[in-house]
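Participant: Okay, handing you the structure first.
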Amino acid sequence: MAKRLIAVIDVGSLTARLKIFEINSKGFPKTVETVRKFTAIGAKSVEGIIPSEQVNELITCLNQFKQKIKEYRADRIICVATSVFREAGNKDIVLEQIRARTGFKIKILDNSMECYYQNLAVRESYPDFEKMIAEGTMLLDIGSGSMQATVYDKTEFIFSQNMVLGSLRISGLLSTLQNRTTHYSDVMEEFIAQDLNDYHAVEPKGITYKHLIAFSGEMSFIRKLAGYDLFDECTLTREEFMKVYDYLIRTRPTDLTLNDSIPAHVAPLLLPVTMIIKDMLDYTGVDQVYLPHASLSDGVIYSYCHNYHKLNLVIPPSQDLISGARNIAKRYRCDKKHIEFVEKVSLEIFDSCQKVAGLEGRDRLLLQLAAIMHEIGKFVKAKDHNEAAYSLIEYTNLIGLNSDELDTIAYIVRLYPQDSPYDDIYYRTLPPKKKVIISKLTAILRIADSLDASHTEKIRSMTVTLHPDRLHISCEAKADMSFEEWAFEHRCNLFEEVMGIEARLRVRRHI
């Protein structure tokens, strides 16, 4: 494959960044040029509305990017935006103005995908990431509007939680206090500690942390204050970090701008960022913090290369999702053997009828995640546990799924015990294409769950075979399967309706 040039634009609360990447014959991206402009859209938004003057400033910036892209003759342009657009009440109008006046179609990333790309950038840029996460590792993605803490241990993704604790949000909320108290930093520390205590309450216990990785848009200036180059990754010892922290406690933002050449929009954000890191250093007990030089754009291009140029990633994206779902099921005390059985059978049925059903590989992953989490609602309530599970999944952090995919999983879990999804009032409001996919995946999960209706794992072996007019499931059982056969008969109707083929079960008792 010949080398290709890809342009990635990401628009954040404070900056707009253009990166030109060269993709080599093996699908690996290399940065050719980076251009960054401070726009401070998030800082100047009023009550969740992006003002017209800021829109015009951004459009001017994007048109400058457009000229640079023309110089390189890039083969493709990818444009993304983060929380500043996600939370703007006039985002649709602004996006249309940008499209009309620049030609760029900007995709707004939801929180999960933004965090996924940031984490992916760090994972791919750090040479020993796989070795590192063999021990307790925390990744802190400190954005302008929120913060995401992600935990790995024993080479597995364990947990991720988002908090409305971004540097710009903290600075904005507390700005009126700065001239009313001589203990502004103490008030900020209390404010941050309160939210982080809520995080510590839900974080998995029993993890011995060995590594802390922190990244944010402001991290390059923290590296600078520590004596490192703006664009170099570095590891700060606790002592080095505390010197920067103490300096920021003593120094007003205006002095940071005058004396240290920190941009005026960035200077007030450095103290909240370092306070969050200090709290996590104290909590985890690690003696150093790794500050990588990795941006959202890097994560976007790695994902693009993985999807379109078969680039092998350090950790396959589905691996984290499956591990995360299993840890959620464990947290809600699901029957491990039952969900393993349902997961296995669901995937066997999917693989057998994928072609005739017109389903895609990503649908397989969504079904697998739904099978793993299909009983988490029982932790909350025994009756109508599917409705409880629906709510739990909708508020779950599964990094790497967009909101529509998470919604699909939640619907599958909500609908699988019901006699017919068509009676569900929420199902009726779904777009037609989404209805079809959910119905097919729900039908598969219904059958898989019925084959272990008693939760006693009676089946010793099983084969699934697709014939032109039917799906034939043949199994050998170690105990009487009357209950499972009854459950199968009552749950296979939906499969026949949406797939257009009959599902049959043949049981042979093993003696």
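The values are calculated or read from the model by the stated rules, or taken from the named source; none is laboratory data. Just so it is clear, the structure is predicted and the values come from calculations on it, not from any experiment. All Cβ positions, glycine included, derive from the backbone under ideal geometry; neighbour counts span all protein chains shown.
Participant: Could you please let me know if residue 187 is at pLDDT 90 or above and of a type outside the set (Gly, Ala, Ser)?
Facilitator: no
Participant: Scan the range 159-168 for residues that are assigned to a strand (DSSP E or B) and hydrophobic (A, V, I, L, M, F, W, C) and jot them down.
Facilitator: 159, 163
Participant: Then there is this: Looking only at residues in the range 169-184 that are surrounded by fewer than 17 Cβ atoms within 10 Å (Cβ to Cβ) and either of a type in the set (Val, Ile, Thr) or outside any helix (DSSP H, G or I) (or both), which one is modelled with the highest pLDDT?
Facilitator: Among those residues, the one meeting the criterion is 183.
Participant: Still on this model: Please list, ordered by residue number, the helices (runs of 4 or more DSSP H) wholly in the range 6-117 having 2 or more residues that are aliphatic (A, V, I, L, M), closer than 22 Å to residue 215 by Cα and outside the structural domain of residue 166 (by TED's automatic domain parsing).
Facilitator: Those helices (runs of 4 or more DSSP H) span 41-44.
Participant: Within the range 118-158, how many residues are surrounded by fewer than 22 Cβ atoms within 10 Å (Cβ to Cβ), assigned to a helix (DSSP H, G or I) and of a type outside the set (Asp, Glu)?
Facilitator: 4
Participant: So which residues in the range 197-224 are among the aliphatic types (A, V, I, L, M) and either in a strand (DSSP E or B) or buried (at least 20 other Cβ atoms within 10 Å of the Cβ) (or both)?
Facilitator: Of everything in the range 197-224, those that are among the aliphatic types (A, V, I, L, M) and either in a strand (DSSP E or B) or buried (at least 20 other Cβ atoms within 10 Å of the Cβ) (or both) turn out to be 212, 213, 214, 219, 222.
Participant: The conditions are (1) modelled with pLDDT of 95 or more; (2) surrounded by fewer than 20 Cβ atoms within 10 Å (Cβ to Cβ), and residue 345 fails exactly one of them. Which is it?
Facilitator: (2)
Participant: Right, another one. Can you pull out every residue in the range 288-319 that is buried (at least 22 other Cβ atoms within 10 Å of the Cβ) and closer than 18 Å to residue 23 by Cα?
Facilitator: 294, 295, 296, 297, 298, 299, 300, 301, 302, 305
Participant: Could you give me the residue pairs with C-beta distances under 6 Å whose first residue belongs to the range 147-166 and is over 20 Å from residue 189 (Cβ atoms), whose second residue is outside any strand (DSSP E or B) and hydroxyl-bearing (Ser, Thr, Tyr) wherever it lies, and which are 6+ apart or on separate chains?
Facilitator: Close Cβ pairs (under 6 Å, with a partner that is outside any strand (DSSP E or B) and hydroxyl-bearing (Ser, Thr, Tyr)) amount to 156/323; 157/323; 161/199; 162/146.
Participant: If residue 322 passes every condition in (1) surrounded by fewer than 16 Cβ atoms within 10 Å (Cβ to Cβ); (2) not assigned by TED's automatic domain parsing to the domain that holds residue 192; (3) not small (Gly, Ala, Ser) but one, which one does it miss?
Facilitator: Looking at each condition in turn, residue 322 falls short on (1).
Participant: Going through the range 226-283 one residue at a time, which ones are of a type in the set (A, V, I, L, M, F, W, C) and touching a Lys or Arg at 6+ places or on another chain (Cβ under 7 Å)?
Facilitator: Let us first name the residues in the range 226-283 that are of a type in the set (A, V, I, L, M, F, W, C), namely 226, 230-231, 234, 236, 241-242, 244, 248-249, 256, 258, 262, 264, 266-267, 269-271, 273, 275-277, 280-281.
The answer is 230, 234, 281.
Participant: With the requirement that a residue be exposed (fewer than 14 other Cβ atoms within 10 Å of the Cβ) and among the basic types (Lys, Arg), what does the range 88-106 give you?
Facilitator: 99, 105
Participant: Among the residues in the range 250-265, are any part of a helix (DSSP H, G or I), in contact (Cβ under 8 Å) with a residue 24 or more places away in the chain, surrounded by 15 or more Cβ atoms within 10 Å (Cβ to Cβ) and among the polar types (S, T, N, Q)?
Facilitator: no
Participant: Here is a follow-up. What's the total number of residues in the range 472-503 that are surrounded by 12 or more Cβ atoms within 10 Å (Cβ to Cβ), over 20 Å from residue 419 (Cβ atoms) and not β-branched (Val, Ile, Thr)?
Facilitator: 9
Participant: Taking only the range 228-239 into account, find how many residues are among the aromatic types (Phe, Trp, Tyr) and part of a helix (DSSP H, G or I).
Facilitator: Step one: filter the range 228-239 for residues among the aromatic types (Phe, Trp, Tyr), giving 228, 231.
Checking which are part of a helix (DSSP H, G or I) leaves us with none.
So the answer is 0.
Participant: If only one of 57, 47, 53 is of a type in the set (D, E, K, R), surrounded by 14 or more Cβ atoms within 10 Å (Cβ to Cβ) and at pLDDT below 95, which one is it?
Facilitator: Within the list 57, 47, 53, the selection yields 57.
Participant: Quick test of your reading of the structure: residue 334 fulfils all but one of (1) part of a helix (DSSP H, G or I); (2) touching a residue at least 24 places away in the same chain (Cβ under 8 Å). Name the failing condition by number.
Facilitator: (1) is the only condition that residue 334 fails.
Participant: Output the number of the condition that residue 311 fails; it satisfies all remaining conditions of (1) over 30 Å from residue 230 (Cβ atoms); (2) in contact (Cβ under 8 Å) with a residue 40 or more places away in the chain; (3) among the hydrophobic types (A, V, I, L, M, F, W, C).
Facilitator: Evaluating residue 311 over (1) over 30 Å from residue 230 (Cβ atoms); (2) in contact (Cβ under 8 Å) with a residue 40 or more places away in the chain; (3) among the hydrophobic types (A, V, I, L, M, F, W, C) leaves (1) as the failure.
Participant: Give the residue, chosen from 242, 280, that is assigned to a helix (DSSP H, G or I) and in contact (Cβ under 8 Å) with a residue 40 or more places away in the chain.
Facilitator: The unique qualifying residue is 280.
Participant: So if I check each of 289, 356, which one is of a type outside the set (Ser, Thr, Tyr) and over 30 Å from residue 11 (Cβ atoms)? Before the answer, list the steps.
Facilitator: Working: 289 fails: over 30 Å from residue 11 (Cβ atoms).
Answer to the check: 356.
Participant: Is one or more of the residues making up the range 359-377 in the same structural domain as residue 459 (by TED's automatic domain parsing), in a loop (DSSP other than H, G, I, E, B), touching a His at 6+ places or on another chain (Cβ under 8 Å) and surrounded by 19 or more Cβ atoms within 10 Å (Cβ to Cβ)?
Facilitator: yes
Participant: Out of all the residues in the range 418-438, which are at pLDDT below 95 and buried (at least 19 other Cβ atoms within 10 Å of the Cβ)?
Facilitator: 421, 427
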